[in-house]
1. Being more than 18 Å from Asp103 (Cα to Cα), more than 17 Å from the chain's Cα centre (by Cα) and not in a strand (DSSP E or B) is true for just one of Ala70, Ala55. Which residue is that?
2. Anything in the range 94-120 that is touching a Leu at 6+ places or on another chain (Cβ under 9 Å) and in a helix (DSSP H, G or I)? List them, or say none.
3. Between a residue in the range 34-52 that is assigned to a strand (DSSP E or B) and any residue that is crowded, with 22+ Cβ neighbours inside 10 Å, which pairs come within a Cβ distance under 8 Å, given they are 6 or more apart or on different chains?
4. Can you find a residue that is in a helix (DSSP H, G or I), touching a strand residue (DSSP E or B) at 6+ places or on another chain (Cβ under 7 Å) and either open to solvent by less than 50 Å² (accessible area, probe 1.4 Å) or modelled with pLDDT under 95 (or both) anywhere in the range 25-32?
5. Looking only at the range 39-52, count every residue that is within 14 Å of the chain's Cα centre (by Cα) and either surrounded by 15 or more Cβ atoms within 10 Å (Cβ to Cβ) or at pLDDT below 95 (or both) and tell me the total.
6. Scan the range 94-123 residue by residue and report those that are surrounded by fewer than 14 Cβ atoms within 10 Å (Cβ to Cβ) and among the polar types (S, T, N, Q).
7. If I go through the range 1-24 residue by residue, how many of them are of a type in the set (A, V, I, L, M), free of Cβ contacts under 8 Å to residues at least 12 places away in the same chain and either more than 15 Å from Leu135 (Cα to Cα) or open to solvent by 50 Å² or more (accessible area, probe 1.4 Å) (or both)?
8. Can you tell me which of (1) in contact (Cβ under 8 Å) with a residue 40 or more places away in the chain; (2) surrounded by 13 or more Cβ atoms within 10 Å (Cβ to Cβ); (3) touching a helix residue (DSSP H, G or I) at 6+ places or on another chain (Cβ under 9 Å) is the one Ala55 doesn't meet?
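The values are calculated or read from the model by the stated rules, or taken from the named source; none is laboratory data. As the structure is a prediction and not an experimental result, all values here were calculated from the model. Positions of Cβ are backbone-derived with ideal geometry, glycine not excepted, and every protein chain shown enters the neighbour counts. Surface areas here come from the heavy atoms of the whole protein model, side chains and all, with no ligands, DNA or RNA. Shrake-Rupley method; radii C 1.70, N 1.55, O 1.52, S 1.80 Å.
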Amino acid sequence: MAGKAQYEELIRQLSAFGAVKRELGRILPSDCPSGSAAVLTLLGRHGDMRMSKLAELLAVDMSVTSRHVAHVAERGWIERSPDPADKRSRILRLTPEGVAQLDALSERTTQLLAHRLSDWSDEEVGQLTRLMARLRASFDDCRFPANRAAAPPVADQSPQSTRTPAITT
């Protein structure tokens, strides 16, 4: 198991990663903020789905999901159709315009990463991708309340502690 100093450095690096996320956000078109991009990305990756499934994947409240969905629907990037199994629910589906928008977002992101990581080897990019996927997988169960009980207790931090890093983006 890694030592305390390694975890503290990891926290600092995760906090600093906010700069990367902000730069990725700046390349998004003005009519496609990050929430809209996330909706398009998830529909592109997982296919048609109900709003409840999208909210779960976004890990946000249904009201937030509804606002994101309304935004992309107004632009014609998705369509909402009645769920044949439950007429009260809607199935979300990318439209051809949504697929085109998703392709454009992917191209922008790919170009930025290729530019910023141009001095990285293919192996280094692959290693980063594998490690980030592994880190994300280690936290996947944290999204579901039933699994939160299994999380280790948080140690009591005394007021004298000088190491209370905050995770920011």
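1. On the way: Ala55 fails: more than 17 Å from the chain's Cα centre (by Cα).
After ruling out the rest, the residue left standing is Ala70.
2. Taking the range 94-120 and keeping what is touching a Leu at 6+ places or on another chain (Cβ under 9 Å), we get 94, 98-99, 101-102, 105, 108-109, 112-113, 117, 120.
Across the range 94-120, the qualifying residues are Gly98, Val99, Gln101, Leu102, Leu105, Arg108, Thr109, Leu112, Leu113.
3. Note: pairs meeting the criteria are Met49/Leu43; Met49/Leu92; Arg50/Leu92.
4. So in the range 25-32, the residues in a helix (DSSP H, G or I) come out as 25-26.
Checking the rest, the ones that are also touching a strand residue (DSSP E or B) at 6+ places or on another chain (Cβ under 7 Å) come to none.
Within the range 25-32 (the criterion being in a helix (DSSP H, G or I), touching a strand residue (DSSP E or B) at 6+ places or on another chain (Cβ under 7 Å) and either open to solvent by less than 50 Å² (accessible area, probe 1.4 Å) or modelled with pLDDT under 95 (or both)), the answer is no, since none of the residues qualifies.
5. 6
6. Answer for the range 94-123, where residues must be surrounded by fewer than 14 Cβ atoms within 10 Å (Cβ to Cβ) and among the polar types (S, T, N, Q): Thr110, Gln111, Ser118, Ser121.
7. Step one: of the range 1-24, the residues of a type in the set (A, V, I, L, M) are 1-2, 5, 10-11, 14, 16, 19-20, 24.
With the extra rule that they be free of Cβ contacts under 8 Å to residues at least 12 places away in the same chain, the set shrinks to 1-2, 5, 10, 16, 19-20.
Then drop every residue that is not either more than 15 Å from Leu135 (Cα to Cα) or open to solvent by 50 Å² or more (accessible area, probe 1.4 Å) (or both), which leaves 1, 5, 10, 16, 19-20.
Residues in the range 1-24 being of a type in the set (A, V, I, L, M), free of Cβ contacts under 8 Å to residues at least 12 places away in the same chain and either more than 15 Å from Leu135 (Cα to Cα) or open to solvent by 50 Å² or more (accessible area, probe 1.4 Å) (or both): 6 in total.
8. Status for Ala55: all satisfied but (1).
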